[in-house]
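Have a look at the structure below, then the notes.
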Amino acid sequence: MNYTELAVITPVYNEEGAIATVIEKWVKELTRLKIAFLLHAYNDGSRDGTLPILLDLKKRYPNLIVHDKPNSGHGPTILRAYRENVAVPWIFQMDSDNEMGPEGFEKLWIQRNNFDFLLGQRMGRNQPLERRILSAFSRCLVRLLYGALVYDVNAPYRLMRTSAVRQFFYLIPESAFAPDDFRP
């Protein structure tokens, strides 16, 4: 593939039960939409059978790039993925747990030229109390600082125009704690 329009990035940690389904569903949908894409799976030191599954999937899907790295956590893995894909016009981040599938992606993709940053929203999510409190605080903070109500500020479903956000990737410290690292 000579031109890549979209870099799809997903951090992966111990997802042997879901990763094959996730990759297969996304490759199918992005192919259906006729998008020139590469799907970058960043294996963050998984201790289960995730890496062999990814390597097997890579044989079937030439658009899949597997990055195997020592565990550094969710935030640093995402940041590395962003920085390694700044040459592509669009970056889409998704999680590897199959919580948010490709079903809503087409709506974001159609709207991409009207916005620099599009954020999906998880619906009907059953969260522990601590996570709900953190999410409510994040919503209030974004509303206070930016005057915008973003329901799920940490949704792992982000489509970004790289030229608009590239500079910010280098302002974030490599060891930054990301809110979506919170694990009760």
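A compact table of results
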item: Residue match in the stretch 82-93 (condition: touching a Lys or Arg at 6+ places or on another chain (Cβ under 6 Å) and surrounded by fewer than 16 Cβ atoms within 10 Å (Cβ to Cβ)); result: yes
item: Sole exception among (1) surrounded by 11 or more Cβ atoms within 10 Å (Cβ to Cβ); (2) part of a loop (DSSP other than H, G, I, E, B); (3) over 15 Å from the mean Cα position of the chain (by Cα); (4) modelled with pLDDT of 95 or more for Ala176, by number; result: (4)
item: One residue from Tyr13, Tyr3, Tyr61, Tyr42 being at pLDDT below 95 and of a type in the set (Ser, Thr, Tyr); result: Tyr3
item: Residue identified as modelled with pLDDT under 95, buried (at least 19 other Cβ atoms within 10 Å of the Cβ), closer than 24 Å to Ala164 by Cβ and not β-branched (Val, Ile, Thr) among Leu79, Leu30; result: Leu79
item: Filter result for Leu171 (at pLDDT 75 or above and not in a helix (DSSP H, G or I)); result: yes
item: Residue selected from the stretch 43-69 under the condition among the polar types (S, T, N, Q), touching a Leu at 6+ places or on another chain (Cβ under 9 Å) and closer than 18 Å to Trp26 by Cβ, by the criterion surrounded by the most Cβ atoms within 10 Å (Cβ to Cβ); result: Asn43
item: Boolean, Glu84 is out of contact with any Leu (no Cβ under 6 Å at 6 or more places or on another chain), at pLDDT below 90 and under 30 Å from Tyr3 (Cβ atoms); result: no
item: Residues (in contact with a strand residue (DSSP E or B) (Cβ under 6 Å, 6 or more places away or on another chain) and basic (Lys, Arg)) located in the stretch 39-69; result: Lys58
item: Positions within the stretch 2-31 being aromatic (Phe, Trp, Tyr) and in a helix (DSSP H, G or I), in sequence order; result: Trp26
item: Residue check for Pro70: modelled with pLDDT of 95 or more and touching a Gly at 6+ places or on another chain (Cβ under 6 Å); result: yes
item: Check on Asn126, at pLDDT below 90, farther than 23 Å from Ile35 by Cβ and of a type in the set (S, T, N, Q); result: yes
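The values are calculated or read from the model by the stated rules, or taken from the named source; none is laboratory data. Since this is a predicted model, take the numbers as computed values, not measurements. Positions of Cβ are generated from backbone atoms using ideal geometry, with glycine treated the same way; all protein chains shown enter the neighbour counts.
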